[in-house]
Amino acid sequence: MNLLAKLPRSKRNVSQRAEAKSPDVIAASREFGELYFDGPRSYGYGGYRYDGRWIPVAEDIVAHFGLRAGDRVLDVGCAKGFLVKDLMKVCPGLEAFGLDISEYALKHCEPEIIGRLHLGNATSLPFPDGSFKAVISLNTLHNLDRSEVITALREVERLAPGRGFVQVDSYRTAEEKALFEEWVLTANFHDFPEGWEQVFKEAGYTGDYYWTIVE
Ligand SMILES: C[S@@+](CC[C@H](N)C(=O)[O-])C[C@H]1O[C@@H](n2cnc3c(N)ncnc32)[C@H](O)[C@@H]1O
């Protein structure tokens with residue numbers, strides 16, 4: 001289930017990233033602060049700015065989950081809240097929220113969604129059981145270690161049983177794995193799809209999922 005099919009592919013210079021990588025760069029990226037979002041590309045995004053690219057993805061998410069005005073949806077690892085903003089734009093009246101571990105991202109969020117983003121950890125979502133129509137987590141859960149990923153997946157399942165969508169880093173071949181390992185900065189746990197499916201099973205996660213693959 002690829003809900004990000006309409007997201008433009010980001011440009012990646014893998015060899016440049018691999019050359020610039022060091023334990024210090026990795027440690028700084030993993031703080032998810034200014035360097036990661038808005039510093040040089042060697043530390044992360046190289047400038048994380050709203051450009052509307054999530055609008056078609058938001059439309060697909062709304063259609064997939066049948067979201068309507070008044071429904072609540074949560075984006076775990078929302079960063080500056082671009083998807084939260086676009087979900088509300090494409091589905092007026094939708095109650096979209098986000099959660100992220102980065103105080104920097106939340107303090108630099110889009111103005112329309114101030115107050116909708118929570119500071120927190122994906123391993124402990126501060127909301128009641130079954131309180132969301134859907135929970136989404138894109139390119140975030142691989143930043144946890146394996147046991148934390150299981151905890152976080154249980155949290156997604158707890159808030160929206162069978163109505164999650166999780167996208168994580170993966171690779172289908174040894175070549176893709178080698179390329180990914182050159183590129184990766186922040187991921188703590190990554191695996192082939194079968195390894196991820198084992199994790200989903202262990203967690204009792206019954207929602208949908210897809211992979212981000214460096215090609
Ligand atoms: C690669 S970014 C993805 C942002 C956005 N979801 C997207 O797909 O563009 C990863 C995000 O996960 C957040 N993050 C990392 N560890 C986290 C955790 N344990 N709990 C919640 N958010 C976390 C980071 O701060 C960052 O915003």
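The values are calculated or read from the model by the stated rules, or taken from the named source; none is laboratory data. Please read these numbers as outputs of a predicted model, since none were measured by experiment. Here Cβ is always computed from backbone atoms with ideal geometry, including for glycine, and neighbour counts include all displayed protein chains.
Values as computed for the structure displayed
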| quantity | calculated |
| --- | --- |
| Among the candidates Val168, Val214, Val184, residue that is crowded, with 16+ Cβ neighbours inside 10 Å and at pLDDT 95 or above | Val168 |
| Qualifying position, being within 11 Å of the ligand (Cβ to nearest atom), over 26 Å from Arg9 (Cβ atoms) and charged (D, E, K, R), among Glu112, Glu95, Glu103 | Glu103 |
| Filter pass, Trp196 being closer than 21 Å to Ser10 by Cα and not small (Gly, Ala, Ser) | no |
| Residue check, Thr123 within 9 Å of the ligand (Cβ to nearest atom) and either buried (at least 22 other Cβ atoms within 10 Å of the Cβ) or more than 13 Å from the chain's Cα centre (by Cα) (or both) | yes |
| Extreme residue, surrounded by the fewest Cβ atoms within 10 Å (Cβ to Cβ), among residues of the stretch 127-152 that are within 12 Å of the ligand (Cβ to nearest atom) and without any contact (Cβ under 8 Å) to a residue 60 or more places away in the chain | Asp145 |
| Entirely in the stretch 1-65, the helices (runs of 4 or more DSSP H) that have 3 or more residues that are buried (at least 16 other Cβ atoms within 10 Å of the Cβ) | 23-29, 34-38, 55-65 |
| Residue within the stretch 104-116 that is exposed (fewer than 15 other Cβ atoms within 10 Å of the Cβ) and either of a type in the set (Asp, Glu) or within 15 Å of the chain's Cα centre (by Cα) (or both) present | yes |
| Pairs, first more than 19 Å from Val73 (Cα to Cα) and small (Gly, Ala, Ser) in the stretch 47-61, second surrounded by fewer than 21 Cβ atoms within 10 Å (Cβ to Cβ) and at pLDDT 95 or above, C-beta under 7 Å, six or more apart | Gly47/Asp38 |
| Test: residue in the stretch 103-126 that is within 18 Å of Asn2 (Cβ to Cβ), hydrophobic (A, V, I, L, M, F, W, C) and in contact with an Asp or Glu (Cβ under 9 Å, 6 or more places away or on another chain) | no |
| Positions within the stretch 66-92 being farther than 16 Å from Val166 by Cα, in a loop (DSSP other than H, G, I, E, B), within 11 Å of the ligand (Cβ to nearest atom) and of a type outside the set (D, E, K, R), in sequence order | Gly81 |
| Residue pairs meeting the criteria (Cβ under 6 Å; at least 6 apart or on separate chains; first under 16 Å from Leu74 (Cβ atoms) and aromatic (Phe, Trp, Tyr), in the stretch 95-108; second more than 9 Å from the ligand (Cβ to nearest atom) and in a strand (DSSP E or B)) | Phe97/Leu74 |
